[in-house]
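Peer 1: First, the structure itself, so that you have it in front of you.
The values are calculated or read from the model by the stated rules, or taken from the named source; none is laboratory data. Predicted model, so just to flag it, every value in this text is computed and none were measured. For neighbour counting, all protein chains shown are included, and Cβ atoms are generated from backbone atoms with ideal geometry for every residue, glycine included. Side chains included, ligands, DNA and RNA excluded: accessible areas come from the protein's heavy atoms. Shrake-Rupley method; radii C 1.70, N 1.55, O 1.52, S 1.80 Å.
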Amino acid sequence: MQKLSLNQTLQQKLSPQQIQFIKLLQIPTAELETRVEEELEINPALEEGMEEDMLNKEDAYNNDGDDEYEEDYNHRDDISLDDYLNHDEYAGYKMYSDGNHPDEDREMPIATMSTLHDALIQQFGFLRLNERQSVIGLQLLGSIENDGYIRRSMQAIVNDLAFSQAFYATIEEVEQVLKKIQTFDPPGIGARNLQECLLLQLDRKDASDANVTFAIKVIEDFFEEFSKKHYEKIQKRLAINDEQMKNVIYLITKLNPKPGSVEGEDGLAQYLLPDFWVSNNNGKLEVHLNSKNAPELRISRSFADMLDTYDKSDKSNRHIRETVTFVKQKLDAAKWFIDAIKQRQNTLQRTMNAIVTYQYEFFADGDETRLKPMILKDIANRIEMDVSTVSRVANSKAVQTEFGVYPLKYFFSEGISTDYGEDASSREVKSILKEFIENESKSNPLSDDKLEKLLNDRGYNIARRTVAKYREQLNIPVARLRKQL
């Protein structure tokens, strides 16, 4: 005899609006613009532009009109809310009925421009140049090498323009356009030599900082001495103390000597499009959201006005009812999309603010050893959101700092216990491990066992197998393969 039983299960189902937000949250900035364009194409109730001029209309639609129509439809037998919000009409974003969908747990890759050149061309498009300057600028961009430098002389650029395009420019014109290009990201791009590259980066730092002022003077007036590490001579000439000299050296050595040198698999430089910028304003860290994350969208006035015609029309006419249902559905979809974009902006800003606060020491000076152990739950607790929400942000976003562009995932790492009762970041341990290997005897490199002992002596409670794992993650071969005669 078969036994019957009754089981009760609890399932969480996401609303269409929640799924809309989840999908928008996990895409990076580079893809958001495309997603917005798709929505504008499929929904005539959505328009580009400031929504301030639509606030009164939206309020009327959200408060007065909405209540009136919903009440009318709820009390009519011939139109139900199910018909009113028929999800089959949402061709742009097919919703799933439960909380599981293909993209739920998929890690989104950080979007990159295809090449450094593409990223520079995109920034070039925002310059307001005349026709002559545009021709010169494109020639200069084509002369930038993969490491970010322009090694051809200005006279050579002038000759290239004359011979290839019959375009005659002066060296002064070329240099004026080059100065505009040198304001692009990454900092230091378009430099003609290392000295200029470092100065371009220092020029973007806080001019009121005495260390920055001294660093600029070192690179401008004592570059040769600095390259030969004649620090005592420089210190005497600048009349600064040991601590100041140490800070200046640290500041300069943290600059990027090859701003375009991150190589992709195809040999072309890849460039991350940052979702955030972090700036240091006299010790106060400020987080800025990429403007592409804040598209200007509004409800179409003409579509909102169409609802007003309902009161003046024959409500028993089936075609009119179907038209009103379609219009209301598109208005709802447009409002959901705008709300989801705003919610995305708010979540990104809150998450990045929390990360910067947690990792203040790193963002203040760029020293990797000052990164704290941090897991997704740490940030989720701070912003009072779910861990999965923080994960979606961290897996697909990047931040531009004064020290380079970093994927947000970079700042998350497990802690390693120390003899001092505190946790150290695994990145801190990797940095020290790399330092040991760089300073080892090339004829007698350190084995993993010796590296384990050195780290233990420093107070890091780490096993040999973890040393091996970190060494492999750093792409450093075993000791016998590092040995040199």
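Peer 1: Filter the range 357-398 down to the residues that are of a type in the set (Asp, Glu) and assigned to a helix (DSSP H, G or I) and list them by number.
Peer 2: Glu361, Asp365, Glu368, Asp378
Peer 1: Regarding Lys397, is this residue at pLDDT 80 or above and open to solvent by 50 Å² or more (accessible area, probe 1.4 Å)?
Peer 2: no
Peer 1: Let me ask another. Does Ile252 satisfy the criteria of being more than 18 Å from Ile144 (Cα to Cα), within 28 Å of the chain's Cα centre (by Cα), part of a helix (DSSP H, G or I) and without any contact (Cβ under 8 Å) to a residue 60 or more places away in the chain?
Peer 2: yes
Peer 1: Return only the number of the condition from (1) touching a Lys or Arg at 6+ places or on another chain (Cβ under 9 Å); (2) open to solvent by 40 Å² or more (accessible area, probe 1.4 Å); (3) at pLDDT 75 or above; (4) not charged (D, E, K, R) that Ser302 does not satisfy.
Peer 2: Of (1) touching a Lys or Arg at 6+ places or on another chain (Cβ under 9 Å); (2) open to solvent by 40 Å² or more (accessible area, probe 1.4 Å); (3) at pLDDT 75 or above; (4) not charged (D, E, K, R), only one is false for Ser302: (1).
Peer 1: Of all the residues that make up the range 31-45, how many are under 14 Å from the mean Cα position of the chain (by Cα) and surrounded by 20 or more Cβ atoms within 10 Å (Cβ to Cβ)?
Peer 2: Number satisfying all stated conditions: 1.
Peer 1: While we're here: Gln345 - would you say it is over 23 Å from Ser15 (Cα atoms), in a helix (DSSP H, G or I) and of a type outside the set (Val, Ile, Thr)?
Peer 2: Criteria not met by Gln345.
Peer 1: Given Ala333, Ala340, which one is of a type in the set (A, V, I, L, M, F, W, C), in contact with a helix residue (DSSP H, G or I) (Cβ under 6 Å, 6 or more places away or on another chain) and either modelled with pLDDT of 85 or more or in a helix (DSSP H, G or I) (or both)?
Peer 2: Ala340
Peer 1: Which is touching a Ser or Thr at 6+ places or on another chain (Cβ under 8 Å) and closer than 21 Å to Glu48 by Cα, of Ala304, Ala334?
Peer 2: Just one listed residue meets the conditions, Ala334.
Peer 1: Please enumerate the residues belonging to the range 351-380 that are of a type in the set (Ser, Thr, Tyr) and either touching a Phe, Trp or Tyr at 6+ places or on another chain (Cβ under 6 Å) or open to solvent by less than 60 Å² (accessible area, probe 1.4 Å) (or both).
Peer 2: Listed by number, the residues that qualify are Thr351, Tyr358, Thr369.
Peer 1: Now for a separate question. Filter the range 144-155 down to the residues that are in contact with a helix residue (DSSP H, G or I) (Cβ under 8 Å, 6 or more places away or on another chain), assigned to a loop (DSSP other than H, G, I, E, B) and open to solvent by 20 Å² or more (accessible area, probe 1.4 Å) and list them by number.
Peer 2: Asn146, Arg152
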